[in-house]
Amino acid sequence: MNLRESAGIALSALRANKLRSFLTLLGTIIGVMSVIAVLSFVEGLNRFVSDKLLASGSNVFYVDKYGFITSQEQFDAVKDRPDITIEDADALRAGVAHAKLVIAQTNASVVARWHNKEVKGIQLRGRSPGYEIVDDLQLDAGRQFNEVDDQRRRMVAVIGPELADDLFGNLDPIGRQIRLGADTYEVVGVTVAKGKLFGQSQDRFAAVPVRSFIKTRMERGSIDISVKSADQASMDLTQQEARIVLRGRRHLRPGVGDNFGITTSENVMQLYNTLTGGIFVVTIGVAAISLLVGGIVIMNIMLVSVTERTREIGIRKAAGARRRDILTQFLVEATTLSLSGGLIGIISGVALALLAGLVTPLPTAVSIPSIIAGIVMSLAIGVFFGSYPAWRAARLDPIEALRFE
């Protein structure tokens with residue numbers, strides 16, 4: 001008996017007992033579907049986070065008052081540090097030789113108004129010139145503000161396309177005066193739409209020169225600084241230069257710890273991987289239980305099948321079938337059962353991931369390795385849990401099998 005014939009017998013048994021076959025395969029279907037869906041979500045999130053973190057370049061790090069905080073204890077330890085100021089940003093710009101860009105930045109939430117129109121929840125971004133490179137923004141119309149605008153504290157703004165549509169509709173926003181909070185700014189540019197991030201719009205903002213922001217809104221408080229090194233190779237050297245400049249400004253003696261924080265994309269990715277790694281392990285563990293139950297059900301059904309077909313096995317052996325032939329037949333049948341459930345689970349998992357990507361803000365990405373993993377798991381379950389029933393069938397005595405009623 002060849003593999004094709006054994007697989008045909010298994011599929012015939014599936015068709016003959018549709019309900020029993022479905023219930024037999026349900027555990028495998030749910031397990032494989034869960035694995036495919038989880039791997040698709042994780043892959044989508046990995047790509048999404050990597051793209052967002054690397055949008056401004058992997059050679060960007062951030063200087064702020066607190067550093068990379070992951071607990072209340074860490075925050076309590078650093079909350080009394082001195083503020084990061086615009087003068088610190090100027091010192092970094094002048095003193096860090098390997099920095100391509102140094103961008104001072106700060107944010108506030110304001111209400112935007114133009115004539116009788118009002119838009120709430122607008123993010124007002126105070127930025128140094130060149131911010132569009134770090135923030136990954138492109139112009140659709142007008143211009144970006146420049147160094148002269150910043151140094152002279154001009155009241156100019158570059159706005160997102162959603163804010164432009166809400167305030168001006170089909171009118172050209174360039175050159176019009178809008179109120180951002182209590183202050184009036186002239187719109188000099190509109191950016192290209194970036195869409196939504198986890199359901200939140202990235203286009204409801206207004207960017208203004210950071211010194212204008214500080215003049216009108218910040219009597220005191222800390223800003224953040226983005227530093228982009230000349231290239232990836234000089235990233236570590238640029239961080240060391242920034243640390244030396246700030247320690248010198250704050251008169252920190254050797255051996256005294258920094259009273260400011262430096263955060264890199266690597267720090268964020270490590271935290272992300274830690275968080276998603278735990279979720280991934282737990283979810284895969286639950287899916288593995290479903291696969292285990294599915295495998296046990298397949299083994300049970302195969303044992304029942306051996307009992308039901310004892311006389312058939314005796315006839316086959318009497319006709320010259322060897323133990324190896326019987327073993328192969330039942331092993332192929334178990335594997336066919338499991339693989340059928342696995343294929344249905346793969347199709348269901350891919351469909352579930354794609355559907356979730358359409359109706360929710362969660363990013364998903366179906367990868368070939370996840371599909372291969374589903375097929376391999378299905379085959380492994382069939383071979384492992386089908387081995388004992390197949391071995392038991394092969395060990396039957398042909399004379400006793402022929403007597404079986």
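The values are calculated or read from the model by the stated rules, or taken from the named source; none is laboratory data. If you're wondering where the values come from, they're calculated on a predicted model, not measured in any experiment. Because the Cβ atoms are built from the backbone with ideal geometry, glycine has one as well, and the counts that use them run over all protein chains shown. Ligands, DNA and RNA are excluded from the accessible area calculation, which covers all protein heavy atoms including side chains. Shrake-Rupley method; radii C 1.70, N 1.55, O 1.52, S 1.80 Å.
Any residue in region 295-320 that is farther than 14 Å from Phe384 by Cβ and in a helix (DSSP H, G or I) sitting within a Cβ distance under 8 Å of a residue that is open to solvent by 50 Å² or more (accessible area, probe 1.4 Å) and among the hydrophobic types (A, V, I, L, M, F, W, C)? List the pairs, counting only those 6 or more apart or interchain.
Thr310/Phe404; Arg311/Leu402; Arg311/Phe404; Gly314/Ile399; Gly314/Leu402; Gly314/Phe404; Ile315/Leu402; Ala318/Leu402
Looking at Phe330 and the list (1) open to solvent by less than 50 Å² (accessible area, probe 1.4 Å); (2) at pLDDT 80 or above; (3) not hydroxyl-bearing (Ser, Thr, Tyr), which single condition is not satisfied?
With respect to (1) open to solvent by less than 50 Å² (accessible area, probe 1.4 Å); (2) at pLDDT 80 or above; (3) not hydroxyl-bearing (Ser, Thr, Tyr), Phe330 is out only on (2).
Any chance region 146-167 includes a residue that's of a type in the set (Gly, Ala, Ser) and over 36 Å from the mean Cα position of the chain (by Cα)?
No, region 146-167 contains no residue that is of a type in the set (Gly, Ala, Ser) and over 36 Å from the mean Cα position of the chain (by Cα).
Pairs under 6 Å by beta carbon, first residue under 21 Å from Asp183 (Cα atoms) and in a strand (DSSP E or B) in region 193-210, partner open to solvent by 60 Å² or more (accessible area, probe 1.4 Å) and at pLDDT below 95, six or more apart or different chains?
The qualifying pairs are Phe205/Gln123.
Working only within region 231-245, note down all residues that are surrounded by 13 or more Cβ atoms within 10 Å (Cβ to Cβ) and in contact with a helix residue (DSSP H, G or I) (Cβ under 9 Å, 6 or more places away or on another chain).
Glu241, Ala242, Val245 - these are the residues of region 231-245 that are surrounded by 13 or more Cβ atoms within 10 Å (Cβ to Cβ) and in contact with a helix residue (DSSP H, G or I) (Cβ under 9 Å, 6 or more places away or on another chain).
Quick one: how many residues across region 246-271 are over 30 Å from Phe48 (Cβ atoms), among the hydrophobic types (A, V, I, L, M, F, W, C) and open to solvent by 30 Å² or more (accessible area, probe 1.4 Å)?
The qualifying residues number 2.
What's the number of the condition Ala334 fails, among (1) closer than 30 Å to Ser370 by Cβ; (2) of a type outside the set (Lys, Arg); (3) not in a helix (DSSP H, G or I)?
(3)
Could you tell me which residue of region 274-300 is farthest from Phe48 (Cα to Cα), considering only residues that are open to solvent by 80 Å² or more (accessible area, probe 1.4 Å) and at pLDDT below 75?
Val286
Could you list all residues from region 135-178 that are touching a strand residue (DSSP E or B) at 6+ places or on another chain (Cβ under 7 Å), more than 17 Å from Pro209 (Cβ to Cβ), open to solvent by 70 Å² or more (accessible area, probe 1.4 Å) and of a type in the set (D, E, K, R)?
Matches in region 135-178: Asp140, Arg176.
How many of the residues in region 211-230 are in contact with a helix residue (DSSP H, G or I) (Cβ under 8 Å, 6 or more places away or on another chain), among the hydrophobic types (A, V, I, L, M, F, W, C) and open to solvent by less than 20 Å² (accessible area, probe 1.4 Å)?
Going through region 211-230, the residues in contact with a helix residue (DSSP H, G or I) (Cβ under 8 Å, 6 or more places away or on another chain) turn out to be 211-212, 214, 223, 225-230.
Those still in the list that are among the hydrophobic types (A, V, I, L, M, F, W, C) too: 214, 223, 225, 227, 230.
Next cut, open to solvent by less than 20 Å² (accessible area, probe 1.4 Å) only: 223, 225, 227.
Of the residues in that region, 3 qualify.
Looking at Ala393, Ala401, Ala365, Ala356, which is the one that is at pLDDT below 80 and not in a helix (DSSP H, G or I)? Show your work before the answer.
Details: Ala393 fails: not in a helix (DSSP H, G or I); Ala401 fails: not in a helix (DSSP H, G or I); Ala356 fails: not in a helix (DSSP H, G or I).
So the residue among Ala393, Ala401, Ala365, Ala356 that is at pLDDT below 80 and not in a helix (DSSP H, G or I) is Ala365.
List the number of the failed condition for Gly195; all other conditions in (1) open to solvent by 20 Å² or more (accessible area, probe 1.4 Å); (2) closer than 23 Å to Phe61 by Cα; (3) not basic (Lys, Arg) hold.
(2)
What single numbered condition from (1) at pLDDT below 80; (2) under 26 Å from Val293 (Cβ atoms); (3) of a type in the set (Gly, Ala, Ser) fails to hold for Ser340?
Result: Ser340 passes all but (1).
Those residues that are among the hydrophobic types (A, V, I, L, M, F, W, C) and open to solvent by 20 Å² or more (accessible area, probe 1.4 Å), I need them from region 179-188; list them, please.
Initially, region 179-188 is screened for residues among the hydrophobic types (A, V, I, L, M, F, W, C), giving 180, 182, 187-188.
The answer is Ala182, and nothing else.
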